[in-house]
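Written out below as structure tokens is the structure these notes cover.
The values are calculated or read from the model by the stated rules, or taken from the named source; none is laboratory data. Note that the coordinates shown come from a computational prediction; the quantities given were computed from them, not determined experimentally. Here the Cβ positions follow ideal geometry from the backbone for every residue, glycine too, while neighbour counts run over all protein chains shown. With ligands, DNA and RNA removed, areas are computed over all heavy atoms of the protein, side chains included. Shrake-Rupley method; radii C 1.70, N 1.55, O 1.52, S 1.80 Å.
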Amino acid sequence: MMTILKRNNFSIVLVALFLMFSCDDTTDFNQYKSVGSEGWKANEKVVFEFDVKDTIAPKNLFINIRNNSEYAFSNLYVITELVFPNETKVVDTLQYEMADKTGRFLGEGFTEIKENKLFYKEKKAFPISGKYIFNVRHAMRKNGDVNPIEFLKGILDVGFSIEN
């Protein structure tokens, strides 16, 4: 009987420790938006709105991309725009590696769908509190073409997250 009680107490402590360490509150904002079954349309901005209250602690900002095997490229070019509450805008053109040299997609996932967590800004402290708007659009073109790819196939969802 005493062995059963000790085993139950140990199990309770183990579960409590697991819950305590698995419930960390490091994410301030995390949202995904689907781009549609036909693909990510050229010049279509994926828009995220979020409120900032903490103007002191630096945050890490990520662009999150879910892609599948229909994605035909080893990289991804995006144009981002961060709009501050005072309507100041910061525009960036960024390139990310999506596959290694052998063509194997990077990112997390056991199925054909891979999730890529791509750094947008590292240790960014927001200068003012209020409502911010972040938008992102793809800037992919085929070699020699001036116009963007009309529908970028293989991109399923675009996300944005802010972490402490």
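Things to note:
- Here ASP28 qualifies as within 19 Å of the chain's Cα centre (by Cα), within 15 Å of TYR132 (Cα to Cα), in a strand (DSSP E or B) and at pLDDT below 95.
- Count - residues of segment 142-151 that are of a type outside the set (S, T, N, Q) and touching a residue at least 12 places away in the same chain (Cβ under 8 Å): 4
- Total residues in segment 126-145, condition surrounded by 12 or more Cβ atoms within 10 Å (Cβ to Cβ) and not in a loop (DSSP other than H, G, I, E, B): 8
- Filter result for the condition that a residue is under 19 Å from ASN60 (Cα atoms) and free of Cβ contacts under 8 Å to residues at least 60 places away in the same chain, over PHE110, PHE119, PHE134: PHE119
- For segment 92-110, residues that are assigned to a strand (DSSP E or B) and open to solvent by less than 50 Å² (accessible area, probe 1.4 Å) total 5.
- For GLU87: the one exception among (1) over 17 Å from LEU156 (Cβ atoms); (2) touching a residue at least 24 places away in the same chain (Cβ under 8 Å): (2)
- Filtered residues of segment 41-91 (kept if outside any loop (DSSP other than H, G, I, E, B), open to solvent by less than 70 Å² (accessible area, probe 1.4 Å) and closer than 21 Å to GLY103 by Cα): ASN64, ILE65, ARG66, ASN67, ASN75, LEU76, VAL78
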